[in-house]
């Protein structure tokens, strides 16, 4: 498995506009080579735990970072976070919640479950793009994580 095989980001997002804006920002700023998209929590869990459609995936091929929306179909983001942070195979993967929720209980529960960062999606293209760019720069270029 070479460096080109590693999924750098698992982007868990069901809003097509936010998804496209996030992907285009990462492409524009050359922050990431490989992004896997999951459009609901169930698909994210299958990818992370190599089950279902991803049963043949090498668990050592990433992701290096999970960008997680909270309001998701099938399995919500809090449950995805709970499973990632309680399983020894995935708990070291940084998880950043990127959500429109400003609810204090969502923020508190996310940190209780072990989220690495909680960001509220800003309104407007420029602000959203800047947050995504800074997020990618920090978590993929500056932050150091153990080999998983």
Please list the equivalent ellipsoid semi-axes of the stretch 1-86, computed as the square roots of five times the alpha-carbon gyration tensor eigenvalues, in descending order and whole angstrom. 19, 18, 10
Note: probe point = Cα of residue 76 + 7 Å toward Cβ; backbone nitrogen < 16 Å; residues of the stretch 24-56 passing the test are 40-42
For residue 104 and residue 20, calculate 0.36 nm times their separation in residues minus their Cα-Cα distance, and state this gained length in nm to one decimal. 27.5 nm
Heads up, the stretch 73-148 by the C-alpha gyration tensor (a ≥ b ≥ c square roots of eigenvalues; a/c under 1.5 rounded, else a/b over b/c prolate, else oblate) looks oblate
Using a 10 angstrom cutoff on alpha carbons, build the Gaussian network for the chain and name the most mobile of 108, 31, 11. 108
Which whole-number percent gives the relative contact order of the stretch 49-148, counting Cα pairs below 8 Å spaced six or more residues apart? 26
At 7 Å along Cα-to-Cβ for each site, give me the label-to-label distance between residue 141 and residue 86 in nm. 3.7
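Laboratory data are not the source of any read-out in this text; all were calculated from the coordinates shown. Keep in mind that this is a model prediction, so the values were computed, not measured. Here the Cβ is made from the backbone with ideal geometry for all residues, glycine too, and neighbour counts use every protein chain on show.
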